Structures are given as structure tokens and as C-alpha cells.
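Here is the structure we will look at, set down as C-alpha cells.
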């Protein structure tokens, strides 16, 4: 590692380039070639160390021409100075001059295959160019020459995690933690990578007299095998207290539904994934009798991604529900994530022989991650509340405003807690009646 090489810079750089997918290459290709040649006029270098220190301290695009000039001046004095050559390649990469950056890094590696900084620059550029297999090969070659390089281990782990191979990422990060046990970014990365997860959650929602109170119990297990992710879950929902017509007249009733579900997802090297799930319920009154879903995620440039899901729910008695839901996720800052969701829901009541009623719903969420173990979010949703509607035949008439505060805390690497507090205002747009239903959900999870 060179004089200015640090794991913090390496992992931060990798975090950025690993998400620079569809927008990164196009943006670089469209830049002016002037940036690649821009270099300030500098006097001949007398103190090489001082020149390298000044060039390495550059953090803004405005100052990169001077950094480039300093590196070139050092190389005039000593064409074999590897730190200057790597610094120049890193500067070229930052300006989108990928050909120059690769040529510079490869020139250094041809003389010094164990140069970690040059290998890291080359791998970063290959990721920018979406050549994920080539980037992985370069990192693995680098680790053969420098097996104790935290910088290369972190990059290899991030690339593996990005492609869905959590076990490889976990192995690399465990090795990096053994080498650098006090590095906080390694510790945070380890907390965010998991091969498996088991969670148990309990949710209670209380409504005024005349409406059902809802109690929901969820249990789920997730396990990764290579780039495949499997999810097995079960949901039990009970509705208590509302009066319904019976043969003996109106009586308070209790309805309990149970639904096991199975989901299978495939992750790809570019960070996208695709999969589906199926769930069946009995007796299928509160929950859908049959729930089928297909979902995908595709990265969009450096800071965004698109989720797209579709579902078909069949309820006992009289309803079919079809859902199409895109969601845009944006990361405007390192610890902030903003998502916007939309649902187009079609409800068809079979027994009444009427056409489908199409309803739009929307929501937004802002999440702030304090560190690798603690996060908080605020969520707002307006529209059709499918899973917890009080009556099957009233789905198309009900609208809900729901505000939710969410907190998650990883107590230690293998134990997590989550808490959600929400307030729902449910209204009938036909009659004008409304009800307020506060809810609390508590979950505990273990991970490996």
C-alpha cells in the first residue's frame, strides 16, 4: 500500500463504484477529453515526497488538474515512481479517463504485481465499466500476491455482496477483521452482510368499537446459498371484537387465519435480482386464500434503484386482487435512503358480476442509518389497505392514511430488535365514516 493508501478511502471508493452501473459508463463516455489532459503548470519538482503529499491530499474535481500536474512532474524525474503512477491513474479514473487509468495501473502491475493500490484502481475502473467478472479476477490475482491486503479483501467482499454471494463476502470480511480488528468500517461492513436470518414479530392494532382489532404474528427464515436466496415464512392473523350477522343475530366474532409462504430469489453480478413467492391461507377469510408474487430490483446509476413487483391475491368467497407496484429508491447521502412507492390495485368482486375497480395508492419512506447497527425511518402511505381491511366486500370503498415510525437496532452481530409505531386513519369514501387505529409491532431476529 502506498504512502496515502488507507482502507477508509478504499472502502468508500468501492462503495461508490459498486453502485455506478448503468449511468456510470455513459457519463464517463460523454465527458470531454480535455479533463483527461488537464494539468496545471508547475515548476520542476525538487521534493518528491512533498509533491506526492500535496497531490494525494486533493479531494475535489477543481483541484485534480494540479494533482495531475504534480504526478506528471514526479514521473518526469523518475518514470518508475510507482506511487506517482498510481496516483495519476487514480486521478484519471476520477475524471472518467478509464483508458488512461487502466493503462497506468497495468504498467505498474507489469513491474510490481503485488502493488495493492494499482490493483485497486484497476478493479474500480473495471467495476465502473460493468466488467464485474474481470474486476473479480483482478482482485483475486491481487490477493494471491498480497493475501493480507485489507484493501483488496474489502473490495472483493463488496463485489461478492453486490452480486448476492453473501457467504464469500462474509468470509473476506472475517479475514479483514482478523488483520485489522480495530477498523470501524470493516466492523460496519460485517454487520451489514448476512448469510441467514430468522425473525419473529408480533403486531397489535386497536380500533374503536364496531371494528375488528387485529393481532398478527409473523415468523420467517431466510437462507442464502451462493447467489440464491430462499425465504420461508408463516403469518397468523386474528380479528377480534366486531359484531357480525349470524343465525342467532349479530354477535361479536373471532376469525383466525394462517398463511405459510415460500420465496425464491436469484441475485446477479450487476446488483439486480429476480424472484417470486407463493403463500396459501386457511380458512382464507382475513388473509388471501392464495397469494402469488413476482419481484425484481435493477440498479439505476450510482445512487438509485428500481423495484418492480406484481402480485395476484385470491380471497375466499368473492374477491380477486391484482397488484402492480414500482418503487424508486434513492441514496442522496451516505447514510440516507429515500424511497417512493406506487401501487395500482385492481379489485374484482366475482359474486356481484361487476368489472374490476382500479385503485391507486402511494407512499414514501425516509431512512437514516446512524451506524452499521442502528437505523430509523418515517413512512407515510395513502390508499387501499389490503391485508387488514375489515370486510371483504368493502375493499374498493376504504382508504387509509398510515404514518409509521420504525427503529432497528442490532444489539450485537447475531441479535437484532425492531420496533414500529403506526397510526392509521381508515375512512369509507362512500359513507364518510372513519376510524383511527394505532398499532405497535415488535420483532426480534437472529442472524448468521
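The values are calculated or read from the model by the stated rules, or taken from the named source; none is laboratory data. Bear in mind the structure is a predicted one, so any value in this text is a computation, not a measurement. Here the Cβ is made from the backbone with ideal geometry for all residues, glycine too, and neighbour counts use every protein chain on show.
Kindly check whether there is at least one residue in the range 345-356 that is surrounded by fewer than 17 Cβ atoms within 10 Å (Cβ to Cβ) and closer than 21 Å to residue 381 by Cβ. Yes, that holds for at least one residue. A single entry from 209, 149 fulfils the requirement of being in the same structural domain as residue 271 (by TED's automatic domain parsing) and either crowded, with 16+ Cβ neighbours inside 10 Å or more than 20 Å from the chain's Cα centre (by Cα) (or both): 209. Taking the range 301-315 as the search range and keeping residues that are over 12 Å from the mean Cα position of the chain (by Cα) and in contact (Cβ under 8 Å) with a residue 40 or more places away in the chain, which one is farthest from residue 337 (Cα to Cα)? Among residues in the range 301-315 that are over 12 Å from the mean Cα position of the chain (by Cα) and in contact (Cβ under 8 Å) with a residue 40 or more places away in the chain, the one farthest from residue 337 (Cα to Cα) is 315. Could you go through the range 163-184 and let me know if any residue there is touching a residue at least 60 places away in the same chain (Cβ under 8 Å), within 23 Å of residue 300 (Cα to Cα) and not in a loop (DSSP other than H, G, I, E, B). No, the range 163-184 contains no residue that is touching a residue at least 60 places away in the same chain (Cβ under 8 Å), within 23 Å of residue 300 (Cα to Cα) and not in a loop (DSSP other than H, G, I, E, B).
This table checks each residue for (1) in the same structural domain as residue 259 (by TED's automatic domain parsing); (2) in contact with a helix residue (DSSP H, G or I) (Cβ under 7 Å, 6 or more places away or on another chain); (3) modelled with pLDDT of 95 or more; (4) surrounded by fewer than 18 Cβ atoms within 10 Å (Cβ to Cβ).
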residue: 275; (1), (2), (3), (4): yes, no, yes, no
residue: 280; (1), (2), (3), (4): yes, no, no, yes
residue: 283; (1), (2), (3), (4): yes, no, no, yes
residue: 289; (1), (2), (3), (4): yes, no, no, no
residue: 292; (1), (2), (3), (4): yes, no, yes, yes
residue: 296; (1), (2), (3), (4): yes, no, yes, yes
residue: 301; (1), (2), (3), (4): yes, yes, no, yes
residue: 306; (1), (2), (3), (4): yes, no, yes, yes
residue: 319; (1), (2), (3), (4): yes, yes, no, no
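Taking the conditions (1) at pLDDT 85 or above; (2) over 27 Å from residue 397 (Cα atoms) in turn, residue 313 satisfies each one other than (2). For the range 104-120, the set of residues classified as free of Cβ contacts under 8 Å to residues at least 24 places away in the same chain and in contact with a helix residue (DSSP H, G or I) (Cβ under 8 Å, 6 or more places away or on another chain) consists of 104, 105, 106, 107, 109, listed by residue number. Restricting attention to the range 58-71, the residues that are in contact with a helix residue (DSSP H, G or I) (Cβ under 7 Å, 6 or more places away or on another chain) and in contact (Cβ under 8 Å) with a residue 24 or more places away in the chain total 5.
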